[in-house]
Amino acid sequence: MNGISNRVRCAIFASARLAASGGFADNWQGEATVGTRWFVQEPFDPRQDQWDGFVAADVEYFKDWDKRRQRFAARLYARADSDDPARNLVDVSELYWRYRWQRAELSVGVERVFWGVTEAVHLADIINQSDLSANLDTEDKLGQPMLRLSLTPRWGTLDLFVLPRFRERRFPGSRGRLRGPLQVVAERAQFESASGRNHIDLAARFSHYIGPFEFAIAHFSGTQRQPAFVPLPVSQPSASIAVAPLYFLTDQTSVEATYAAGNWLWKLEAVSSREPGGRGSAATGGFEYTWSRAAGTSFDVGIIAEYQFDERDTSIILGADDDIVAGVRIGFNDFAGSELLALAGRDLGGDGQLWSLEASRRIGQQWRASLEARFFSATAADDVLTLLAREDYWQLSLTRFF
(Lines give C-alpha, C1' and ligand atoms only; values in the text may rest on other atoms or scores of the structure.)
Protein backbone atom coordinates (compact mmCIF):
# COMPACT_ATOMS: atom_id res chain seq x y z
CA MET A 1 0.00 0.00 0.00
CA ASN A 2 1.12 3.55 -0.72
CA GLY A 3 1.27 6.36 1.82
CA ILE A 4 1.48 4.20 4.97
CA SER A 5 3.56 5.93 7.64
CA ASN A 6 6.16 3.97 9.62
CA ARG A 7 4.29 4.74 12.83
CA VAL A 8 1.06 3.21 11.53
CA ARG A 9 2.86 0.15 10.14
CA CYS A 10 4.74 -0.44 13.39
CA ALA A 11 1.56 -0.18 15.44
CA ILE A 12 -0.26 -2.72 13.28
CA PHE A 13 2.66 -5.17 13.29
CA ALA A 14 3.09 -4.75 17.05
CA SER A 15 -0.59 -5.49 17.63
CA ALA A 16 -0.40 -8.60 15.46
CA ARG A 17 2.76 -9.77 17.27
CA LEU A 18 1.11 -9.38 20.67
CA ALA A 19 -1.90 -11.33 19.45
CA ALA A 20 0.24 -14.12 18.07
CA SER A 21 2.43 -14.46 21.17
CA GLY A 22 -0.34 -14.24 23.75
CA GLY A 23 1.64 -11.47 25.49
CA PHE A 24 -1.45 -10.14 27.25
CA ALA A 25 -2.24 -13.42 29.07
CA ASP A 26 -5.97 -13.85 29.72
CA ASN A 27 -7.02 -10.18 29.93
CA TRP A 28 -6.62 -9.11 26.35
CA GLN A 29 -8.54 -9.28 23.11
CA GLY A 30 -8.07 -7.84 19.67
CA GLU A 31 -9.09 -7.83 16.06
CA ALA A 32 -7.49 -7.11 12.70
CA THR A 33 -9.44 -5.95 9.65
CA VAL A 34 -8.73 -5.68 5.95
CA GLY A 35 -11.21 -3.97 3.66
CA THR A 36 -11.88 -2.11 0.44
CA ARG A 37 -14.28 0.59 -0.77
CA TRP A 38 -15.58 1.01 -4.28
CA PHE A 39 -17.14 4.34 -5.22
CA VAL A 40 -19.81 4.14 -7.88
CA GLN A 41 -19.22 7.54 -9.50
CA GLU A 42 -16.10 9.26 -10.77
CA PRO A 43 -14.62 11.63 -8.15
CA PHE A 44 -14.96 15.42 -8.08
CA ASP A 45 -11.19 15.82 -7.75
CA PRO A 46 -8.65 14.15 -10.10
CA ARG A 47 -6.44 13.43 -7.08
CA GLN A 48 -9.06 10.95 -5.88
CA ASP A 49 -9.71 7.39 -7.00
CA GLN A 50 -12.70 5.04 -7.24
CA TRP A 51 -11.05 2.25 -5.24
CA ASP A 52 -9.65 2.42 -1.74
CA GLY A 53 -8.10 -0.25 0.49
CA PHE A 54 -7.32 -0.24 4.20
CA VAL A 55 -6.06 -2.38 7.08
CA ALA A 56 -6.76 -1.80 10.77
CA ALA A 57 -6.00 -3.33 14.15
CA ASP A 58 -7.75 -2.86 17.49
CA VAL A 59 -6.15 -4.37 20.62
CA GLU A 60 -7.26 -3.92 24.24
CA TYR A 61 -5.94 -5.08 27.59
CA PHE A 62 -7.09 -4.79 31.20
CA LYS A 63 -5.82 -5.86 34.60
CA ASP A 64 -7.92 -5.98 37.79
CA TRP A 65 -6.50 -6.24 41.30
CA ASP A 66 -7.23 -5.31 44.92
CA LYS A 67 -10.36 -7.50 44.93
CA ARG A 68 -11.45 -5.88 41.63
CA ARG A 69 -11.51 -2.44 43.18
CA GLN A 70 -8.75 -1.24 40.85
CA ARG A 71 -8.35 -1.61 37.11
CA PHE A 72 -5.78 -0.61 34.53
CA ALA A 73 -7.00 -0.66 30.92
CA ALA A 74 -5.38 0.14 27.59
CA ARG A 75 -6.72 0.06 24.04
CA LEU A 76 -4.82 0.88 20.85
CA TYR A 77 -6.38 1.40 17.43
CA ALA A 78 -4.37 1.74 14.22
CA ARG A 79 -5.45 2.14 10.59
CA ALA A 80 -3.57 2.48 7.31
CA ASP A 81 -5.13 3.50 3.99
CA SER A 82 -3.94 2.83 0.45
CA ASP A 83 -4.91 6.23 -1.03
CA ASP A 84 -5.59 8.84 1.66
CA PRO A 85 -2.78 9.62 4.17
CA ALA A 86 -5.32 11.54 6.27
CA ARG A 87 -6.97 8.20 7.10
CA ASN A 88 -3.74 6.79 8.55
CA LEU A 89 -4.18 6.78 12.30
CA VAL A 90 -2.66 5.54 15.53
CA ASP A 91 -4.98 6.35 18.42
CA VAL A 92 -4.87 5.54 22.11
CA SER A 93 -8.58 4.82 22.48
CA GLU A 94 -8.30 3.96 26.17
CA LEU A 95 -5.55 4.26 28.75
CA TYR A 96 -6.87 4.73 32.27
CA TRP A 97 -6.70 3.73 35.94
CA ARG A 98 -9.98 3.20 37.77
CA TYR A 99 -10.77 2.80 41.47
CA ARG A 100 -14.14 1.62 42.78
CA TRP A 101 -15.79 2.23 46.12
CA GLN A 102 -19.16 0.81 47.14
CA ARG A 103 -21.16 3.63 45.51
CA ALA A 104 -18.54 5.63 43.63
CA GLU A 105 -15.94 5.17 40.93
CA LEU A 106 -13.00 7.36 39.88
CA SER A 107 -11.09 7.00 36.63
CA VAL A 108 -8.17 9.02 35.28
CA GLY A 109 -6.74 8.79 31.77
CA VAL A 110 -8.16 8.32 28.27
CA GLU A 111 -11.61 6.80 27.68
CA ARG A 112 -14.47 6.57 25.20
CA VAL A 113 -17.93 7.56 26.41
CA PHE A 114 -21.14 7.33 24.35
CA TRP A 115 -24.38 9.22 25.01
CA GLY A 116 -27.53 8.69 22.99
CA VAL A 117 -30.39 6.29 22.28
CA THR A 118 -31.63 6.94 18.72
CA GLU A 119 -30.49 5.09 15.61
CA ALA A 120 -29.69 7.57 12.85
CA VAL A 121 -28.41 10.71 14.64
CA HIS A 122 -26.74 11.04 18.03
CA LEU A 123 -27.47 14.58 19.17
CA ALA A 124 -26.56 14.14 22.83
CA ASP A 125 -23.20 12.48 22.17
CA ILE A 126 -20.57 15.17 22.82
CA ILE A 127 -17.78 13.81 25.05
CA ASN A 128 -15.56 12.08 22.46
CA GLN A 129 -14.58 13.47 19.10
CA SER A 130 -15.72 11.78 15.87
CA ASP A 131 -13.41 10.42 13.19
CA LEU A 132 -15.10 11.35 9.90
CA SER A 133 -12.13 10.03 7.95
CA ALA A 134 -13.34 6.56 9.00
CA ASN A 135 -17.07 6.99 8.37
CA LEU A 136 -19.71 9.72 8.11
CA ASP A 137 -22.04 8.21 10.73
CA THR A 138 -20.01 9.84 13.60
CA GLU A 139 -19.85 6.49 15.43
CA ASP A 140 -16.07 6.09 15.10
CA LYS A 141 -14.65 7.89 18.13
CA LEU A 142 -11.22 9.09 19.22
CA GLY A 143 -9.96 8.60 22.77
CA GLN A 144 -10.58 11.58 25.09
CA PRO A 145 -8.36 12.52 28.06
CA MET A 146 -10.57 12.90 31.11
CA LEU A 147 -11.04 12.72 34.82
CA ARG A 148 -14.36 10.97 35.53
CA LEU A 149 -16.18 10.56 38.83
CA SER A 150 -19.27 8.33 38.89
CA LEU A 151 -21.59 8.37 41.90
CA THR A 152 -24.23 5.66 42.22
CA PRO A 153 -26.63 6.46 45.06
CA ARG A 154 -29.94 4.61 45.20
CA TRP A 155 -31.72 7.36 43.27
CA GLY A 156 -29.64 7.19 40.08
CA THR A 157 -26.19 7.61 38.55
CA LEU A 158 -24.31 10.90 38.42
CA ASP A 159 -21.26 11.17 36.14
CA LEU A 160 -18.95 14.21 36.43
CA PHE A 161 -16.29 14.92 33.78
CA VAL A 162 -13.24 17.15 33.53
CA LEU A 163 -11.88 17.13 29.94
CA PRO A 164 -8.47 18.85 29.85
CA ARG A 165 -7.51 18.48 26.19
CA PHE A 166 -9.61 19.07 23.07
CA ARG A 167 -9.24 16.70 20.13
CA GLU A 168 -10.00 17.97 16.64
CA ARG A 169 -12.36 16.17 14.30
CA ARG A 170 -10.64 14.08 11.63
CA PHE A 171 -11.67 14.53 7.98
CA PRO A 172 -10.75 12.90 4.65
CA GLY A 173 -7.70 14.47 3.05
CA SER A 174 -7.11 15.85 -0.44
CA ARG A 175 -6.93 12.32 -1.90
CA GLY A 176 -9.76 10.93 0.21
CA ARG A 177 -13.37 10.32 -0.81
CA LEU A 178 -16.57 11.02 1.16
CA ARG A 179 -15.88 14.74 1.08
CA GLY A 180 -17.27 15.71 -2.32
CA PRO A 181 -15.83 19.03 -3.54
CA LEU A 182 -15.22 20.24 0.04
CA GLN A 183 -11.67 19.77 1.35
CA VAL A 184 -11.22 20.44 5.06
CA VAL A 185 -7.71 21.68 5.88
CA ALA A 186 -7.55 20.40 9.46
CA GLU A 187 -4.16 21.94 10.23
CA ARG A 188 -5.67 25.42 9.74
CA ALA A 189 -8.21 24.91 12.55
CA GLN A 190 -9.40 28.00 14.44
CA PHE A 191 -10.88 28.28 17.94
CA GLU A 192 -13.18 30.75 19.64
CA SER A 193 -11.36 30.14 22.93
CA ALA A 194 -7.99 31.83 23.36
CA SER A 195 -6.83 28.57 24.99
CA GLY A 196 -7.48 26.66 21.77
CA ARG A 197 -6.93 22.93 22.21
CA ASN A 198 -6.03 23.44 25.88
CA HIS A 199 -9.46 24.71 26.90
CA ILE A 200 -10.79 22.67 29.85
CA ASP A 201 -14.29 21.34 29.21
CA LEU A 202 -16.73 20.25 31.92
CA ALA A 203 -19.73 17.93 31.77
CA ALA A 204 -22.25 16.25 34.05
CA ARG A 205 -24.89 13.59 33.37
CA PHE A 206 -27.61 12.14 35.60
CA SER A 207 -29.31 8.90 34.53
CA HIS A 208 -31.96 6.72 36.14
CA TYR A 209 -34.81 4.36 35.34
CA ILE A 210 -38.34 3.87 36.60
CA GLY A 211 -39.61 0.49 35.48
CA PRO A 212 -39.56 0.43 31.65
CA PHE A 213 -38.75 4.16 31.47
CA GLU A 214 -35.07 5.19 31.30
CA PHE A 215 -33.81 8.75 31.04
CA ALA A 216 -30.70 10.90 31.26
CA ILE A 217 -30.19 14.65 31.65
CA ALA A 218 -26.76 16.08 30.83
CA HIS A 219 -24.96 19.40 30.52
CA PHE A 220 -21.72 20.14 28.68
CA SER A 221 -19.73 23.37 28.77
CA GLY A 222 -16.71 23.69 26.51
CA THR A 223 -15.55 23.45 22.90
CA GLN A 224 -18.17 22.19 20.46
CA ARG A 225 -17.09 18.88 18.87
CA GLN A 226 -18.75 19.70 15.56
CA PRO A 227 -17.05 22.65 13.81
CA ALA A 228 -18.32 25.35 11.51
CA PHE A 229 -16.20 26.07 8.42
CA VAL A 230 -14.34 29.13 7.15
CA PRO A 231 -13.47 29.40 3.41
CA LEU A 232 -9.75 29.56 2.65
CA PRO A 233 -8.16 31.49 -0.24
CA VAL A 234 -6.72 29.34 -3.02
CA SER A 235 -3.50 30.16 -4.88
CA GLN A 236 -4.48 28.29 -8.05
CA PRO A 237 -7.63 26.83 -9.62
CA SER A 238 -8.74 23.60 -7.96
CA ALA A 239 -11.61 21.14 -8.23
CA SER A 240 -12.04 21.35 -4.47
CA ILE A 241 -13.22 24.14 -2.16
CA ALA A 242 -10.79 24.53 0.75
CA VAL A 243 -12.18 25.34 4.21
CA ALA A 244 -10.79 25.47 7.73
CA PRO A 245 -12.63 24.13 10.81
CA LEU A 246 -13.81 26.73 13.33
CA TYR A 247 -14.60 25.41 16.80
CA PHE A 248 -16.95 27.56 18.87
CA LEU A 249 -17.53 27.37 22.60
CA THR A 250 -20.93 26.03 23.62
CA ASP A 251 -23.15 25.19 26.55
CA GLN A 252 -25.31 22.20 25.67
CA THR A 253 -28.09 20.67 27.73
CA SER A 254 -29.49 17.34 26.55
CA VAL A 255 -32.22 14.86 27.40
CA GLU A 256 -32.30 11.17 26.46
CA ALA A 257 -35.24 8.87 27.09
CA THR A 258 -36.46 5.40 26.19
CA TYR A 259 -39.68 3.60 27.03
CA ALA A 260 -40.14 -0.13 26.47
CA ALA A 261 -43.68 -1.49 26.17
CA GLY A 262 -44.05 -5.02 24.86
CA ASN A 263 -42.56 -5.16 21.37
CA TRP A 264 -42.29 -1.36 21.24
CA LEU A 265 -39.22 0.70 22.12
CA TRP A 266 -39.78 4.48 22.03
CA LYS A 267 -36.72 6.76 21.86
CA LEU A 268 -36.04 10.48 22.23
CA GLU A 269 -32.98 12.75 22.18
CA ALA A 270 -33.24 16.54 22.49
CA VAL A 271 -30.60 19.24 22.95
CA SER A 272 -30.46 22.97 23.48
CA SER A 273 -27.11 24.61 22.83
CA ARG A 274 -25.55 28.04 22.66
CA GLU A 275 -24.59 28.82 19.07
CA PRO A 276 -22.82 31.89 17.56
CA GLY A 277 -26.22 33.39 16.68
CA GLY A 278 -27.91 32.51 19.97
CA ARG A 279 -29.38 29.37 21.47
CA GLY A 280 -30.58 26.65 19.15
CA SER A 281 -32.38 23.37 19.65
CA ALA A 282 -32.57 20.00 17.98
CA ALA A 283 -34.50 16.79 18.59
CA THR A 284 -34.80 13.31 17.18
CA GLY A 285 -37.25 10.65 18.24
CA GLY A 286 -39.19 7.65 17.10
CA PHE A 287 -39.71 3.97 17.73
CA GLU A 288 -38.51 0.47 16.99
CA TYR A 289 -41.08 -2.33 16.83
CA THR A 290 -39.67 -5.87 16.90
CA TRP A 291 -41.35 -9.10 15.78
CA SER A 292 -39.68 -12.13 17.33
CA ARG A 293 -39.73 -15.19 15.09
CA ALA A 294 -41.50 -13.14 12.43
CA ALA A 295 -43.98 -14.98 10.17
CA GLY A 296 -43.04 -18.33 11.65
CA THR A 297 -39.36 -17.96 10.76
CA SER A 298 -36.35 -17.81 13.07
CA PHE A 299 -35.83 -14.13 12.21
CA ASP A 300 -36.25 -11.18 14.56
CA VAL A 301 -37.47 -8.21 12.49
CA GLY A 302 -37.41 -4.66 13.81
CA ILE A 303 -39.13 -1.72 12.11
CA ILE A 304 -37.46 1.64 12.79
CA ALA A 305 -38.92 5.11 12.27
CA GLU A 306 -37.45 8.41 13.49
CA TYR A 307 -38.00 12.11 12.90
CA GLN A 308 -35.13 14.62 13.08
CA PHE A 309 -35.32 18.37 13.55
CA ASP A 310 -32.37 20.75 13.96
CA GLU A 311 -32.60 24.53 13.87
CA ARG A 312 -28.94 25.21 14.74
CA ASP A 313 -27.06 27.18 12.08
CA THR A 314 -23.83 25.19 12.45
CA SER A 315 -25.49 21.79 12.21
CA ILE A 316 -24.25 19.68 9.29
CA ILE A 317 -25.28 16.23 10.49
CA LEU A 318 -26.17 14.99 7.01
CA GLY A 319 -28.52 17.92 6.64
CA ALA A 320 -30.80 16.60 9.42
CA ASP A 321 -32.82 19.80 9.88
CA ASP A 322 -36.27 18.39 9.00
CA ASP A 323 -35.90 14.73 8.08
CA ILE A 324 -37.58 11.40 8.51
CA VAL A 325 -35.68 8.11 8.69
CA ALA A 326 -37.19 4.64 8.36
CA GLY A 327 -35.68 1.22 8.12
CA VAL A 328 -35.56 -2.42 9.12
CA ARG A 329 -33.23 -4.41 11.37
CA ILE A 330 -33.08 -8.20 10.92
CA GLY A 331 -31.43 -10.65 13.28
CA PHE A 332 -31.31 -14.03 11.55
CA ASN A 333 -30.69 -15.97 14.79
CA ASP A 334 -28.41 -18.38 12.97
CA PHE A 335 -25.17 -19.97 14.09
CA ALA A 336 -23.21 -17.37 12.09
CA GLY A 337 -24.83 -14.42 13.91
CA SER A 338 -26.01 -12.84 10.65
CA GLU A 339 -27.38 -9.29 10.96
CA LEU A 340 -28.76 -6.65 8.58
CA LEU A 341 -29.69 -3.00 9.07
CA ALA A 342 -31.20 -0.96 6.22
CA LEU A 343 -32.18 2.71 6.61
CA ALA A 344 -33.57 5.37 4.28
CA GLY A 345 -33.71 9.08 5.06
CA ARG A 346 -35.65 11.87 3.36
CA ASP A 347 -35.43 15.65 3.77
CA LEU A 348 -39.04 16.82 4.19
CA GLY A 349 -38.09 20.38 3.20
CA GLY A 350 -36.17 19.47 0.06
CA ASP A 351 -35.15 16.60 -2.18
CA GLY A 352 -32.22 15.19 -0.21
CA GLN A 353 -32.23 11.41 0.28
CA LEU A 354 -29.90 8.95 1.97
CA TRP A 355 -29.87 5.14 1.86
CA SER A 356 -27.74 3.01 4.15
CA LEU A 357 -27.09 -0.72 4.35
CA GLU A 358 -25.03 -2.64 6.92
CA ALA A 359 -24.78 -6.42 7.03
CA SER A 360 -22.43 -8.87 8.72
CA ARG A 361 -21.98 -12.61 9.16
CA ARG A 362 -19.53 -14.65 11.21
CA ILE A 363 -17.32 -17.16 9.42
CA GLY A 364 -16.30 -19.90 11.81
CA GLN A 365 -15.36 -18.83 15.34
CA GLN A 366 -12.78 -16.13 14.60
CA TRP A 367 -13.79 -14.35 11.39
CA ARG A 368 -16.56 -11.93 10.44
CA ALA A 369 -17.40 -10.54 6.99
CA SER A 370 -19.13 -7.15 6.80
CA LEU A 371 -20.82 -5.27 3.97
CA GLU A 372 -21.64 -1.56 4.06
CA ALA A 373 -23.20 0.72 1.46
CA ARG A 374 -24.21 4.38 1.38
CA PHE A 375 -26.11 6.20 -1.38
CA PHE A 376 -26.76 9.95 -1.48
CA SER A 377 -29.10 12.07 -3.58
CA ALA A 378 -29.75 15.84 -3.56
CA THR A 379 -29.81 18.78 -5.97
CA ALA A 380 -30.60 21.78 -3.76
CA ALA A 381 -27.62 24.07 -3.29
CA ASP A 382 -28.34 24.51 0.45
CA ASP A 383 -28.59 20.77 1.18
CA VAL A 384 -25.47 19.21 2.71
CA LEU A 385 -26.18 15.96 0.88
CA THR A 386 -25.54 17.80 -2.41
CA LEU A 387 -21.84 17.69 -1.49
CA LEU A 388 -22.04 13.89 -1.36
CA ALA A 389 -24.16 13.34 -4.47
CA ARG A 390 -21.25 11.60 -6.25
CA GLU A 391 -19.94 9.66 -3.25
CA ASP A 392 -22.09 6.50 -3.34
CA TYR A 393 -20.00 3.52 -2.27
CA TRP A 394 -19.85 -0.15 -1.35
CA GLN A 395 -17.48 -1.40 1.34
CA LEU A 396 -16.47 -4.99 2.06
CA SER A 397 -14.30 -5.93 5.04
CA LEU A 398 -13.04 -9.09 6.73
CA THR A 399 -12.19 -9.14 10.45
CA ARG A 400 -10.13 -11.69 12.38
CA PHE A 401 -10.70 -11.84 16.17
CA PHE A 402 -8.00 -12.90 18.61
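The values are calculated or read from the model by the stated rules, or taken from the named source; none is laboratory data. Note that the structure is a prediction, hence the values are computed from the model and not measured. Methodologically, a virtual Cβ is constructed for each residue, glycine included, from the backbone with ideal geometry; neighbour enumeration extends over all protein chains shown. We work out accessible area using only protein heavy atoms, side chains counted, and drop any ligands, DNA or RNA first. Shrake-Rupley method; radii C 1.70, N 1.55, O 1.52, S 1.80 Å.
With a sphere of radius 14 Å drawn around the Cβ of W291, what net charge do the other residues whose Cβ falls strictly inside it have (Lys, Arg +1; Asp, Glu -1)?
Numbers: positive: R293, R329; negative: E288, D300.
With Lys, Arg at +1 and Asp, Glu at -1, the net is 0.
Short version: ³J(HN,Hα) in whole Hz for each residue of segment 32-46, in order, from phi by Karplus 6.51 cos²θ - 1.76 cosθ + 1.60 (θ = phi - 60°), x for Gly and Pro, what are they?
10, 10, 10, x, 9, 10, 10, 8, 5, 9, 5, x, 5, 10, x
Within segment 37-103, report the chymotrypsin sites (Phe, Trp or Tyr not before Pro) that DSSP leaves as loop and that have at most 16 other Cβ atoms within 10 Å.
The qualifying sites are W101.
Per residue, how many Å² of accessible area does the chain show with a 1.4 Å probe?
Counting only protein heavy atoms, the per-residue value for the chain is 49 Å².
Return, ordered by residue number, the residues of segment 242-263 whose backbone nitrogen is under 19 Å from a label point located 7 Å along Cα→Cβ of A305.
The answer is 258-263, whose backbone nitrogens lie closer than 19 Å to the label point.
Please give the net charge around A73, taking every other residue with its beta carbon less than 12 angstrom from that of A73, where Lys and Arg add +1 and Asp and Glu add -1.
Values: positive: K63, R71, R75, R98, R112; negative: E60, D64, E94, E111.
Here the charged neighbours net out to +1.
What full-extension length gain, to one decimal in nm, is calculated for E192 and D351 as 0.36 nm per residue of separation minus the Cα-Cα distance?
Details: separation 159, 0.36 × 159 = 57.24 nm, distance 3.40 nm.
Extra length available between E192 and D351 comes to 53.8 nm.
Could you calculate the contour length gain from L398 to R69, that is, 0.36 nm times the residue separation minus the distance between their Cα atoms, to one decimal place in nm?
114.7 nm
Counting only protein heavy atoms and using a 1.4 Å probe, what share of the accessible area of segment 130-288 belongs to carbon plus sulfur, as a whole percent?
Heavy-atom surface of segment 130-288 belonging to carbon and sulfur, 1.4 Å probe: 60 percent.
Only Cα pairs under 8 Å and at least 6 apart count here; give the relative contact order of segment 23-79 as a rounded whole percent.
For segment 23-79, the relative contact order is 33 percent.
Percent relative contact order of segment 236-372, based on C-alpha pairs within less than 8 angstrom and at least six residues apart?
Value for segment 236-372: 13 percent.
Once you keep just the Cα pairs under 8 angstrom separated by 6 or more residues, what percentage relative contact order results for the chain?
With pairs under 8 Å counted, the relative contact order is 13 percent.
Quick check: pseudo-label points 7 Å beyond the Cα along Cα→Cβ at Y209 and D322, how many nm apart are they?
Taking the two extended label points, one gets 3.8 nm.
What does the charge count around F191 come to, taking other residues whose C-beta lies under 10 Å from its C-beta (Lys +1, Arg +1, Asp -1, Glu -1)?
It works out to a net charge of -1.
Rounded to the nearest 10 Å², what accessible area does S107 show when all protein chains are kept and the probe is 1.4 Å?
Its accessible surface works out to 0 Å², give or take rounding.
Starting from the Cα of V234, step 7 Å toward the Cβ, then list every residue of segment 39-79 with an amide N under 14 Å from that point.
Within reach of a label on V234, which here means backbone N under 14 Å from a point 7 Å along Cα→Cβ, segment 39-79 contributes 44-48.
Given only helices, namely DSSP H runs of n ≥ 4 each adding -39500 (n - 2.57), what is the per-residue ellipticity at 222 nm of the chain, to the nearest 500 deg cm²/dmol? Please list the in-between numbers first.
Details: 1 runs with 16 residues, N = 402.
About -1500 deg cm²/dmol.
What nm value, rounded to one decimal, do you get for the distance between I363 and F287 when each label is placed 7 Å out toward the C-beta?
Rounded to a tenth, the inter-label distance reads 4.0 nm.
For segment 90-244, give the share of DSSP beta bridges that are antiparallel, in percent and rounded to the nearest 5; count only bridges with both residues there.
90 percent
If the chain between S370 and Y259 were fully stretched, how many nm would it gain, using 0.36 nm times the residue separation less the Cα-Cα distance?
Additional length available on full extension: 36.9 nm.
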